[in-house]
Amino acid sequence: MTCSNKKPDGRELFSLFRFISHGNMETGDFCIYAMFFQYIKRTMKNGVSAMERPTIGAKKKLLVFLFCAVFGYLLLFGRILFIEFFRAEEWQELAYEQQTRDRLITPKRGSILDRNGEGIALTETVCAVSVIPVQVKEKEKTAAFLAEMLELEQTEVLEKISQNVALVRIKTKVDTETAAKVRKAELPGVEVDEDVRRVYPYSEMAAQVVGFVGKDNQGIIGLEAKYDELLEGKQGKILTLTDSRGNEVESKQDRIPPEDGKNLVTTLDVVLQQYAEQTIAKAVESKGAKRGVIIMLNPQNGEIYAMANYPFFDLNDPFTMQDPELAAQWDSFSQEEKNDLLNQMWRNTAINDTYEPGSTFKIITSSAGLEEKVVTPESSFYCRGFHVAGGRQIKCWRYPRTHGAETFVQGVQNSCNPVFMEIGERLGAETFLEYMQKFGFAQKTGVDLAGEAVGIIHKLENIGPVELATMSFGQSFQITPLQLLRAASAIVNGGRLITPHFALGIADEEGNLVESFVYDEGEQIISVETSETMKKILESVVAEGTGSKAYLPGYRIGGKTATSEKLPRRSGKYIASFMSFAPAENPQVMALVLIDEPQGVYYGGTVAGPVMQELLKNALPYLGIEPVYNEKEAEEAAEAQTEVPDVTGMAPAQAKNMLYQAGLSSEYRGEGETVSRQLPPAGETVNRGTKAVLYLE
C-alpha cells in the first residue's frame, strides 16, 4: 500500500486524532498517520534550514535582547547582594519595629559639678504617664481620671487618647507619689514609665553659664548645651510584641536599659561664684545700674572660677520673666517679642556682648610699647591736658587740669591719656594692630560656651592718626570682657595666651575625676621680662595710683581702672570697670568687675574699685592665699574678720539673728521653715559685713 505525500486535510487529521484518542484504526488510517508525520518532518526540516540562515537584523535584535537580559539579571543579582550585605540589618529592624510597640526610657542625664564635686545641675527620678489608645475601654472615664490626677484639662487628655496612634504621652516629669496612684488604678491602656527631671539646687547661681534643658532633656544654653552629647546619655526602650491593630500578642516585654550620661566636672567654685554674685548684685542695686558682670579666673591656666551676670534668672523656672515690669506686661507681648526678651534675660554679657574697654586696655598699649622698646619705665612724658593727633585735640580725662611732667610708670598710675597716645604714635598703626591680633582681639577666646562674640577692630587701611590715638587708650573698637581678661592674663603670667575654659573633665558616680581634659599652655606673645615689668607697674597702680580703692592690707595686688563712655558719645552713659590680679608676684587669680550705666558718680576707680576690694577680701583667703601683715595691718585685719556660725536646722529668724551677732548680713533662698544649707559654710573666716545665703526647706 502506498501513501501520498500530500498535506493531510481536515478529515484525515480527525481520523488521526480518533486513533490517538481511542486506539482503533480504520481502513486507510495508517496512510493518514504516515502522511501526517511525513508532513511534520518536512516542516521541521524547512524550519531548521531557515534557522541556519538568520538575517543580520535578526542577529542584531538577538544580541540586544541577550545584552538586556544579562544586564537585568546582573542588576537583580547586585541588588540581592546589596540588600544581603548592606541593608539586611536595617530592614530587619524596620520589620521588628512594625511588629513591636516601644516605650522610650529617658536616660539619667549626667550631673554638672563644681571643682569640689558640689552638684550644680542634678537629675532626679520621676515618672511619665502614657496611654495606648487601642487598649482603652472607657475613654471618658480614663480621661477624667488622668486629668484630675495630673492636673490637666479633661478635653485635652480625651483628645490625646482618642488619636489613632500606637502610643501617646500624656504627661512627663510626674512625681513618684502621683505616678504610684495612677499605677494603682490599673486602668486598661494606661502605662507609667520611668522618667527624669533636671534640677538646679542653687536656682539662680551661674544661670547664664550653666544653662538649662528643655522638655526633651536637651541642653538649650550654657554648659548644658555645649556638653549636651556628653551629658545626655542614650535612651532605653520597653518593647512589646503586637499585632497589626496594636494589640499585645504576648504579655512578655523586653527591656533595653538606657545608658546614663556622663558627669561633667567644671572649674567653677560654688563658694567663689556665690561671692561674685552677692558682690555684683549689691553693686548694681546700690548704683541703680543697668547690669553688671564679674569674671574670676586663674591666669596661669585659664580655669574660670566664677562668672556672674546680674540680673539673674531661675534655672528651675527659666521661662518666667524676672523683671517685674516686663512680667506685668507679659501677656501683651507677641510670641516673637517674648522670645527676644527671654533671650536677653538668658544672655551671657561676659562673652556674648562687646564694649569699648577704655583705660583697662592701656595695659595692652603699655606691654606693646615695652616689648617693642619704644618706651621704658623711666621714659619721660608731659601732659598738657590734651594731645593733638591728625590736627584734632584729644583730651585727657583730667582736662582742663594736667598731669604735667611724669614718667611712663607715673603715666600708667595716673591713667594719663596723652602718654598712651604718644606710645601709640611711636608704635605706628601696623605694629599696634599686630599686637591687637597677638593678644587675641580679632578672634574668639575659645571658651567652651556657645554664642561667643569676637572683637570689632579697625582694618589697617582705616586707622588714621585720630583712630590710632583713641585706640591707644581703649576707644573706637569693641571687645568682649572675657577677651580683655584673657589678654590681661598673658601680661601677668609670663606672656602666654591661655584658653579660658569651664570643663575640667569627667567624674564617676562618686564625683571622682576619672578623665581630665587637656588645654594648650598658650602661645608666647610677649617676653617674660615685659610680663615681670608690667606686674610691678600694675601693682603700683593699686598701691599708689587710680586703683587704690582695691587695696587690701597684707596683699600685693595689681590692677587697672577704666571708665568707658558708651555710644553715642555724650549720652551720659558709662561703663565703670576694674581689672585686678593677686598676688602680684605670682598671680593665682585675676578678676574683672564691670558695672553698666551706674547712676551718679561713674568713674571706674570710685565705683568698681570698692567692689573689687570686697570681692578679693573674701576670695583670696578662701583660695588659701595668705596675707602678710605689718603690725598695724594685723590689728586692723583681726577686727575686720569673723567666723561664720552654723545655722543649719534653725528657723530663718533665729539664723538671721545669729549671723547678725557675728557681724554678717543674710538673705533667704527658697521657701520653708528651716535652713537646710548655708553659704559661706560654717567655720569659714570671712570679713564682717559679708552676706550669707540661707537655703530654706
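For the structure I just gave you, tell me whether Pro680 is touching a residue at least 40 places away in the same chain (Cβ under 8 Å), under 16 Å from Thr279 (Cβ atoms) and not aromatic (Phe, Trp, Tyr). Break it down into steps so the answer makes sense when it comes.
Numbers: touching a residue at least 40 places away in the same chain (Cβ under 8 Å): yes; under 16 Å from Thr279 (Cβ atoms): yes; not aromatic (Phe, Trp, Tyr): yes.
It is true that Pro680 is touching a residue at least 40 places away in the same chain (Cβ under 8 Å), under 16 Å from Thr279 (Cβ atoms) and not aromatic (Phe, Trp, Tyr).
This table checks each residue for (1) farther than 30 Å from Glu303 by Cα; (2) among the charged types (D, E, K, R).
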residue	(1), (2)
Gly609	no, no
Leu615	no, no
Pro621	no, no
Ala637	no, no
Glu643	no, yes
Asp646	yes, yes
Leu659	yes, no
Ala662	yes, no
Gly672	yes, no
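Of the residues that make up region 142-151, is at least one closer than 27 Å to Gly214 by Cα, out of contact with any Asp or Glu (no Cβ under 8 Å at 6 or more places or on another chain), among the polar types (S, T, N, Q) and in the same structural domain as Asp260 (by TED's automatic domain parsing)? No - not one qualifying residue is present in region 142-151.
Entry remark, region 617-636: residues being exposed (fewer than 15 other Cβ atoms within 10 Å of the Cβ) and under 36 Å from the mean Cα position of the chain (by Cα) number 2 in total.
Do we find that Phe386 is crowded, with 21+ Cβ neighbours inside 10 Å and either modelled with pLDDT of 95 or more or in the same structural domain as Met579 (by TED's automatic domain parsing) (or both) in this structure? Before you say what the answer is, go through the steps one by one.
Values: crowded, with 21+ Cβ neighbours inside 10 Å: no; either modelled with pLDDT of 95 or more or in the same structural domain as Met579 (by TED's automatic domain parsing) (or both): yes.
No: the conditions fail for Phe386.
Scan region 472-487 and give yes if some residue there is under 20 Å from the mean Cα position of the chain (by Cα), surrounded by fewer than 20 Cβ atoms within 10 Å (Cβ to Cβ) and not in a helix (DSSP H, G or I), otherwise no. No, region 472-487 has no match at all.
Has region 439-455 got at least one residue that is farther than 30 Å from Gly505 by Cβ and either in a helix (DSSP H, G or I) or touching a Cys at 6+ places or on another chain (Cβ under 8 Å) (or both)? No, that holds for no residue. Taken over region 439-465, the criterion of being surrounded by fewer than 15 Cβ atoms within 10 Å (Cβ to Cβ) and touching a Ser or Thr at 6+ places or on another chain (Cβ under 7 Å) is satisfied by Ile456 alone. In region 285-303, of all residues being assigned to a strand (DSSP E or B) and in contact with a helix residue (DSSP H, G or I) (Cβ under 8 Å, 6 or more places away or on another chain), the one that is surrounded by the fewest Cβ atoms within 10 Å (Cβ to Cβ) corresponds to Arg291.
Okay, residues lined up against (1) under 22 Å from Tyr310 (Cβ atoms); (2) buried (at least 16 other Cβ atoms within 10 Å of the Cβ):
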residue: Ala582; (1), (2): no, yes
residue: Met590; (1), (2): yes, yes
residue: Val644; (1), (2): no, yes
residue: Glu684; (1), (2): no, yes
residue: Arg688; (1), (2): no, no
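Pairs meeting the criteria (first residue in region 200-219 and under 13 Å from Asn348 (Cα atoms), second residue at pLDDT 95 or above and of a type in the set (Lys, Arg), beta carbons under 9 Å, at least 6 apart or on different chains) are Gln208/Arg347; Gly211/Lys226.
So in region 488-509, with the set limited to residues that are assigned to a loop (DSSP other than H, G, I, E, B) and of a type outside the set (A, V, I, L, M, F, W, C), which one is surrounded by the fewest Cβ atoms within 10 Å (Cβ to Cβ)? Show your work before the answer.
Kept after step one, since they are assigned to a loop (DSSP other than H, G, I, E, B), are these residues of region 488-509: 493-495, 498-500, 502, 508-509.
If we keep only those that are of a type outside the set (A, V, I, L, M, F, W, C) as well, we get 493-495, 499-500, 508-509.
Values: Asn493: 24, Gly494: 19, Gly495: 21, Thr499: 16, Pro500: 28, Asp508: 11, Glu509: 8.
Checking each candidate, the answer is Glu509.
The helices (runs of 4 or more DSSP H) found entirely in region 108-226 that carry 3 or more residues being within 23 Å of Glu259 (Cβ to Cβ) are 222-226. Scanning region 83-108 for residues that are among the polar types (S, T, N, Q) and either modelled with pLDDT under 60 or not assigned by TED's automatic domain parsing to the domain that holds Glu194 (or both) yields Gln92, Gln98, Gln99, Thr100.
Cβ-Cβ distances below 7 Å connect the following pairs, each with a first residue in region 355-384 that is touching a residue at least 40 places away in the same chain (Cβ under 8 Å) and part of a helix (DSSP H, G or I), a second residue that is of a type in the set (D, E, K, R) and surrounded by fewer than 23 Cβ atoms within 10 Å (Cβ to Cβ), and a separation of six or more residues or different chains: Gly369/Arg426. The single condition from (1) under 35 Å from the mean Cα position of the chain (by Cα); (2) surrounded by fewer than 16 Cβ atoms within 10 Å (Cβ to Cβ); (3) β-branched (Val, Ile, Thr) that Thr376 fails is (1).
Just so you know, in region 255-284 the residues that are assigned to a strand (DSSP E or B), within 19 Å of the chain's Cα centre (by Cα) and not β-branched (Val, Ile, Thr) include one that is farthest from Arg197 (Cα to Cα), and it is Leu264. Only one of the numbered conditions (1) touching a residue at least 40 places away in the same chain (Cβ under 8 Å); (2) farther than 18 Å from Val270 by Cα; (3) not charged (D, E, K, R) is violated by Leu696, and that is (2). All told, Gly605 meets the bar of being modelled with pLDDT of 90 or more and surrounded by 14 or more Cβ atoms within 10 Å (Cβ to Cβ). Among residues of region 389-405 being within 11 Å of Cys416 (Cα to Cα) and under 45 Å from the mean Cα position of the chain (by Cα), the one that is surrounded by the most Cβ atoms within 10 Å (Cβ to Cβ) is Cys396. Of all residues in region 516-561, those satisfying the criterion of being in a loop (DSSP other than H, G, I, E, B) and among the acidic types (Asp, Glu) are Asp520, Glu521.
The values are calculated or read from the model by the stated rules, or taken from the named source; none is laboratory data. Small disclaimer: the values here were computed from a predicted structure and weren't measured. Reconstructed Cβ throughout: ideal geometry from the backbone, glycine too, with neighbour counts over all protein chains shown.
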